[in-house]
1. Leaving out ligands and nucleic acids, and using a 1.4 Å probe, what accessible area per residue does the chain come to in Å²?
2. Please report the base-10 log of the normalised intensity I(q)/I(0) for the stretch 89-156, using a Debye sum with one equal scatterer per alpha carbon and no solvent, at each q in 0.28 (1/Å).
3. For the chain, modelled as a Gaussian network with Cα springs under 10 Å, which listed residue fluctuates most, V138, V56, V176?
4. Go through the stretch 26-41 residue by residue and turn each phi into a ³J(HN,Hα) via Karplus (6.51, -1.76, 1.60, θ = phi - 60°); whole Hz please, and just put x for glycine and proline.
5. In a shell of Cβ-Cβ distance under 15 Å around I36, excluding I36 itself, what net charge do Lys and Arg (+1) and Asp and Glu (-1) give?
6. Can you tell me the length gained on complete extension of the stretch M1 to R193, counting 0.36 nm per residue apart and subtracting the Cα distance?
7. Taking the Cα centroid of the stretch 19-39 and of the stretch 118-176, what is the distance between the two, rounded to the nearest whole Å?
8. Roll a 1.4 angstrom probe over the protein heavy atoms and tell me the percent of accessible area of the chain that is carbon or sulfur.
Amino acid sequence: MKYALWLPPYLLLFLALERMPAGRYWATQLPIDAHIPFCEWFVIPYCLWYPFLVIVGVYLLFRDRDAFRRYMLFMGGTFFFSGLLWLLFPNGQDLRPAALPGENPLTHVIAALYRIDTNTNVFPSVHVLGSIGATLAVWDCRPLEQRHGLRAGAVLLAAAICLSTVFIKQHSVLDVVGGLLLGGLAARAVYRRSPTLRFSRKAA
């Protein structure tokens, strides 16, 4: 469990950064973001990110502790590195609609997310990093090595979560790309000795 001790200080760092007065920041949106429509249905995979990460972690803790350690190293390393970037280079995005289209349970959830999570501290996207980390952990887990359907499902869920961040206007395309690049570099560092994953430069 010592490998999970990174989580409380990270959450404190995240909450502190979120509550800092919003001054000038680098806006990460690109012209392509204006062409991506808002779609409230994507809040479903966006919210599935939280149980996805927890379920993977709890399963690994009891079934494959080496994979759990690698999972925690990936998550802790990438999340803290992201927090350091937010602290040194304040960033945010200006993509949220002034008024959410329609009144329905999904838009109510998005409105709540907007209130809880500011539009700052977005590059790189930790939703993307967490999705990559959980998917790699599923593929790294020895008891799941032959569960091809489960492995494919993890990849599809991760892809849906990454897409959801831009469709509900929580992140820009650049935030997602930043998460993918950092996730690829961290994967090569953490999983290079994994018995079920082989990360060469080309694979990373």
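The values are calculated or read from the model by the stated rules, or taken from the named source; none is laboratory data. All values derive from a computational prediction rather than experimental measurement. Please note: Cβ atoms are built from the backbone with ideal geometry, for glycine as well, and neighbour counts cover all protein chains shown. Areas reflect the complete protein model, heavy atoms only, side chains present, ligands, DNA and RNA absent. Shrake-Rupley method; radii C 1.70, N 1.55, O 1.52, S 1.80 Å.
1. Per-residue value: 54 Å².
2. Values, matching the q order: -1.16.
3. V56
4. Those phi angles translate into 6, 7, 8, 5, 10, x, 5, 5, 5, 8, 8, x, 6, 9, 5, 5 Hz.
5. -2
6. Residue separation times 0.36 nm, minus the Cα-Cα distance, leaves 67.0 nm.
7. 20
8. 69
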